[in-house]
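In what follows, a structure is listed as structure tokens, so that the remarks can point back to it.
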Amino acid sequence: MNAHDEDRLKKLLREALPPVEGEPEPGRDLWPAVLKRLDEKSAAPPWFDWALLAGLVGLVAFFPASIPVLLYYL
Amino acid sequence: MARDAQPGADERESRKHLLAFRQGDVDAFETLFRRHQGAVYGWVLRIVRNPATADELTVETFWRVYRAHARFEPAHGFEGWARRIATRAALDWMRGRRAEVELTGELLTDPAAPAVADPAVSAEIRLKTALAFARLPPKLRIAATLAVVEEQSQREVAEALGISLAAVKLRVFRALRLLRKDLERQGIRP
């Protein structure tokens, strides 16, 4: 592909997908959505909580004798 | 005199917000959000070309920004960092969608875009070109969208994608070559 072909292809691409003009602004205030998202995500337990739970379940399943020890420390 | 003092005061104020944000302060985060949401939204819209998706990804970007607040380096500035996160969010979104689904009618008739259509290029060719472009791998498409369609500087594109200038040039070249091949398969010789 030579430079001339490349320029023609770029021009065609800009014809097909006109560039976004100016400085577009969101149509609404997005801050409430950001806050909602932060609340939702912070309510979800982090991955290491799940890992800890899985570890405990595994421990109890393979070593049932550990149940009284765990209950003692709870 | 007061005017001369203003930029320094603004700068101190900005720095105060950046440092507070780094500590996870939500009020400082809101200030930064208000200041930069337009730029982030505009950048994302240039990539995804759909206002509703750009809204959604702006929210996603700022959520990721907040989540990463402890890794933020105030000395490197907020906007470039947010733009990099926005670009990553847009790339993730593009990877999660099929090209045909992504290419909606509003993409082709963008209300914000001026009517610059060349009468020599038929609507059918424009549509086929847009569809062929939408079929490109997201990594190549995002580089070509920013560098070719939106005519952003290659340095800015490289920073936003977190790659070198040479890698941007290579991705744009590969995007154009694949686009050309796709169009030729459809009998269109650009």
Inset, instruction - Identify all residues within the range B:59-82 that are closer than 11 Å to B:His36 by Cα and either over 15 Å from the mean Cα position of the chain (by Cα) or within 14 Å of chain A (Cβ to nearest Cβ) (or both); write none if there are none. - result: B:Phe62, B:Phe78, B:Glu79, B:Ala82
Inset, instruction - Could you please find all residues in the range A:8-40 being more than 7 Å from chain B (Cβ to nearest Cβ) and surrounded by 13 or more Cβ atoms within 10 Å (Cβ to Cβ)? - result: A:Lys11, A:Leu35
Inset, instruction - Identify, by number, the condition in (1) basic (Lys, Arg); (2) part of a helix (DSSP H, G or I); (3) at pLDDT 85 or above that A:Lys41 doesn't meet. - result: (3)
Legend entry - Residue count, the range B:142-188 (criterion: outside any helix (DSSP H, G or I), touching a Lys or Arg at 6+ places or on another chain (Cβ under 8 Å) and at the interface with chain A (Cβ under 9 Å from one of its Cβ atoms)): 2
Legend entry - Residues that are under 34 Å from the mean Cα position of the chain (by Cα) and assigned to a loop (DSSP other than H, G, I, E, B), drawn from the range A:1-27: A:Leu17, A:Pro18, A:Pro19, A:Val20, A:Glu21, A:Gly22, A:Glu23, A:Pro24, A:Glu25, A:Pro26, A:Gly27
Inset, instruction - Test B:Met1 against the criterion of being in contact with a Pro (Cβ under 9 Å, 6 or more places away or on another chain), at pLDDT below 95 and more than 11 Å from every other protein chain (Cβ to nearest Cβ), and give yes or no. - result: no
Legend entry - Residue among B:Gly162, B:Gly187 that is small (Gly, Ala, Ser), surrounded by fewer than 19 Cβ atoms within 10 Å (Cβ to Cβ), touching a residue at least 12 places away in the same chain (Cβ under 8 Å) and not assigned by TED's automatic domain parsing to the domain that holds B:Gly77: B:Gly162
Legend entry - Test set (1) farther than 25 Å from B:Leu146 by Cβ; (2) more than 7 Å from chain B (Cβ to nearest Cβ) - A:Asn2 fails condition number: (1)
Legend entry - Verdict on B:Gly38 being outside the structural domain of B:Arg135 (by TED's automatic domain parsing), outside any helix (DSSP H, G or I) and at pLDDT 85 or above: no
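The values are calculated or read from the model by the stated rules, or taken from the named source; none is laboratory data. Note that the structure is predicted; figures quoted are calculated from it, not measured. Using ideal geometry, Cβ is built from the backbone for each residue, glycine included, and neighbour counts are taken over all protein chains shown.
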